[in-house]
Amino acid sequence: MDTWVLRIFLFLICGISGYFLTKEISPRMGLWGLFGGFFLSALTLLLEDRLKKVSLKNLLGSFIGLLFGIMLANFISNISLPFFSNEQQAITLPVYGLLYGICGYIGLRVGLKIGGEFHLPRGLGERKSSGLGFSQDGIAKILDTSVIIDGRIADIAETGFLEGPLLIPQFVLGELQHIADSHDPIKRTRGKRGLEILHHIQKQVNVNVRIVETDYPSVKEVDAKLIELAKEVSGKIITNDSNLNKVAGLQGIEVLNINALANSLKPVVLPGEEISTKIVKEGKEMGQGVAYLDDGTMIVVDNGRRQIGKNIDVVVTSVLQTPAGRMIFARLKEEATRENRGKDSYYPLDSEF
């Protein structure tokens, strides 16, 4: 609401100023000045909309380059001024206008290029006007396609553990839409699931979701675009793609891996502990049975094949951590108890000697 009030005020100021300025020149031109003021206001608002999509480092580089360009034009004009005679004063203004225009434009373009290669300290490049504001809301988290389709990010966001805005780049949405429109039924299902997950996240009250229009036409791969966006906004990438994790890490981008988080949150199971579980299928080795914890951790039970479909108690013998997750090896409780009793009876008490 405040923005619209300011815009209306801008139109009124420019329109009234244009009306009275042109009326001083000619009473008949007052109306043209009014429309000229309105046109200037529209150009200002258009420029404002374009500036929202430019990063702060590019703006600073452009501003500094423009200043140097104007200083160079002023230096050249001071040198060349004595060479113009009084009879040539009529062409002085157009020549100087051309000089300042060319030098200013060159300085602007050079500053924009240098500013794009310059890295600001974390926090200085954070903005709020374009929906990429991080200084007040925390560090931005950029979602990639794989983590959206995975779906667990919605549950994590709902718990409130994630601080700062969740950024969804437009090129990621485009990739999701492309997957959802695929002729392959599996890909189509995955794409539709990803879009549903995004819709669910946007509905969450405590989650700040922002669609980012920033794109990098010169970069073809989505992963590379995510890295460029993370550099520009000084944000972190949330993913479960191991390749993206490695590439981003090599370029100094912080990555939050959902799979690593899931593994770290699994309950710690130590050898000797008892677990109540259900054998659901046979294992690879002879006589083995396979069960699962609530979090999906596989339990391989020796001699558990004959107990398929039954709820039994097992004793953990060892725990193996693999890149794919954690695997637990166990044996039936009754066998472990029988073995312990055998050991106790094998070693007599000191009082019996």
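The values are calculated or read from the model by the stated rules, or taken from the named source; none is laboratory data. For clarity, every value in this text was computed on a predicted model and none was experimentally measured. Note that each Cβ is placed from the backbone with ideal geometry, even for glycine, and that neighbours are counted across all protein chains shown.
Quick notes
- Of everything in the range 268-287 that is β-branched (Val, Ile, Thr) and in a strand (DSSP E or B), the residue that is surrounded by the most Cβ atoms within 10 Å (Cβ to Cβ) is 279.
- Qualifying positions in the range 292-329 - buried (at least 17 other Cβ atoms within 10 Å of the Cβ), in contact with a helix residue (DSSP H, G or I) (Cβ under 9 Å, 6 or more places away or on another chain) and at pLDDT 85 or above: 301, 302, 312, 314, 315
- Leading residue by the ranking (modelled with the lowest pLDDT) among those in the range 140-180 that are acidic (Asp, Glu) and either closer than 21 Å to residue 214 by Cβ or out of contact with any helix residue (DSSP H, G or I) (no Cβ under 7 Å at 6 or more places or on another chain) (or both): 163
- Only a single item in (1) of a type outside the set (Lys, Arg); (2) without any contact (Cβ under 8 Å) to a residue 12 or more places away in the chain; (3) surrounded by 15 or more Cβ atoms within 10 Å (Cβ to Cβ) is not met by residue 161, and it is number (3).
- Being aliphatic (A, V, I, L, M) and closer than 30 Å to residue 214 by Cβ holds for only one residue in 265, 320, 270, 250, and it is 250.
- Among the residues listed as 211, 238, the single one being within 23 Å of residue 263 (Cβ to Cβ) and touching a residue at least 60 places away in the same chain (Cβ under 8 Å): 238
- Single condition residue 260 does not satisfy, out of (1) in the same structural domain as residue 162 (by TED's automatic domain parsing); (2) in contact with a Leu (Cβ under 8 Å, 6 or more places away or on another chain); (3) surrounded by fewer than 16 Cβ atoms within 10 Å (Cβ to Cβ): (2)
Conditions tested, residue by residue: (1) at pLDDT 85 or above; (2) among the basic types (Lys, Arg); (3) within 16 Å of the chain's Cα centre (by Cα).
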{"residue": "195", "(1), (2), (3)": "yes, no, no"}
{"residue": "201", "(1), (2), (3)": "yes, no, yes"}
{"residue": "206", "(1), (2), (3)": "no, no, no"}
{"residue": "211", "(1), (2), (3)": "yes, no, yes"}
{"residue": "219", "(1), (2), (3)": "no, no, no"}
{"residue": "242", "(1), (2), (3)": "no, no, no"}
{"residue": "253", "(1), (2), (3)": "yes, no, yes"}
{"residue": "262", "(1), (2), (3)": "no, no, no"}
